[in-house]
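The values are calculated or read from the model by the stated rules, or taken from the named source; none is laboratory data. Please read these numbers as outputs of a predicted model, since none were measured by experiment. Don't worry about glycine lacking a Cβ; one is built from the backbone with ideal geometry, like all the others, and counts go over all protein chains shown. For accessibility, only protein heavy atoms count, side chains too; no ligands or nucleic acids. Shrake-Rupley method; radii C 1.70, N 1.55, O 1.52, S 1.80 Å.
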Amino acid sequence: MLNIIFLVVGLVLILYGANWLIDGASAVAKHFHISDLVIGLTIVAFGTSMPEFVVSTLSSMNGSADLAIGNVVGSNIFNILMIVGCTAIAYPIKVEKSTLTKQIPLVILSSFAVIVCANDIFLDGGANNMIGRADGILLLCFFAIFLGYTFAIAHSEENGEDVKVKELPMWKSILFILLGLFGLIFGGDLFVDGASGVARSLGVSESIIGLTLVAGGTSLPELATSIVAAMKHNSGIAIGNVIGSNLFNIFFVLGTSATIIPLSIGNITNVDLLMLLFASILFWFVGWFFKKRTITRYEGILLVTCYVGYIAYLIAQQ
């Protein structure tokens with residue numbers, strides 16, 4: 001019963017937090033003449049990825065490598081297939097050309113980097129597959145490059161969007177952002193606790209919990225934020241949030257976790273890693289083709305269907 005209460009309270013906090021965060025971040029962006037895309041790539045993406053950071057870092061320190069890696073891989077798959085998919089179903093997403101030529105290719109690169117780092121047996125003939133400290137430091141270097149690129153485009157006119165946002169004084173904008181982040185992070189934490197408690201009572205393995213319930217739970221802030229942003233016609237924040245969160249999860253969260261303590265891959269398989277790469281490529285594909293540079297409702301349904309198929313595969317393997 002307590003776990004169910006955690007689920008409900010967590011969901012309510014997440015929904016309110018997403019609304020406050022979008023209003024505050026949008027007002028700050030317009031005040032400093034910064035594009036919605038950049039705000040989505042930085043403030044919103046990093047804030048909504050804090051649950052993944054906390055869960056994966058603590059899991060690595062407690063020796064739960066399966067949960068740490070599964071959380072990151074599962075969250076990124078969820079971000080692309082479920083968040084972009086559900087957001088497009090709620091409201092079709094317009095995608096900037098620079099997003100398709102620069103930002104999404106970085107997401108594909110990050111997915112490929114994880115596959116390379118996690119295949120020591122196949123590539124180097126190692127005794128076991130693990131993401132070591134050297135891999136972690138390399139991922140953090142990629143994160144530094146991503147940050148440098150993001151700040152370089154911060155005032156680019158190409159990424160600007162003429163959208164109507166709620167006018168707020170600076171102090172109120174910052175208060176909304178802080179309240180939003182608190183609601184998202186605390187609500188996500190409650191949701192994860194409740195979901196994990198239910199899963200463990202049913203005897204589900206830790207790797208499956210990491211790839212599904214914990215990944216989905218820690219990604220609820222991104223889901224709520226992107227849907228709210230798209231419905232408010234802030235497609236830059238909606239798409240930037242997903243891209244920024246995915247890059248933050250792999251380069252910073254996984255990089256930090258592996259730097260603290262080398263992570264054994266354990267029960268996370270190449271099927272899971274290849275699914276992440278496939279989702280990243282599909283993300284780029286639906287943006288370019290069909291209705292050019294718009295992710296439509298039908299494409300959203302395609303993405304969600306792929307995620308449902310992946311979850312069905314995991315359940316069958318369990």
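Just a few scattered comments:
- Extension reserve of the Phe278-Thr294 stretch, reckoned as 0.36 nm per residue once the Cα distance is removed: 3.8 nm
- Expressed as a whole percent, the accessible surface of the chain that belongs to carbon and sulfur atoms is 71, based on a 1.4 Å probe.
- Cross-linked pairs Lys30/Lys94; Lys94/Lys172; Lys172/Lys232; Lys94/Lys292; Lys97/Lys292: Cα-Cα separations exceed 21 Å for Lys94/Lys172.
- Rounded FRET efficiency, nearest 0.05, which uses the C-beta distance separating Val12 from Ala152 and R0 of 45 Å: 0.70
- The string of couplings for the range 224-239 from the Karplus curve (6.51, -1.76, 1.60, θ = phi - 60°) is 4, 5, 5, 5, 4, 5, 5, 5, 8, 6, 9, 5, x, 5, 4, 7 Hz, one whole number per residue in order, with x for Gly and Pro.
- Count Lys and Arg as plus one, Asp and Glu as minus one, and take only other residues whose Cβ is under 13 Å from that of Leu13; the net charge is then -2.
- In the context of the full set of protein chains, the chain has a per residue accessible area of 42 Å² (1.4 Å probe).
- Within a Gaussian network of the chain (alpha carbon springs, distance under 10 Å), most fluctuating of Leu303, Leu147, Leu106: Leu147
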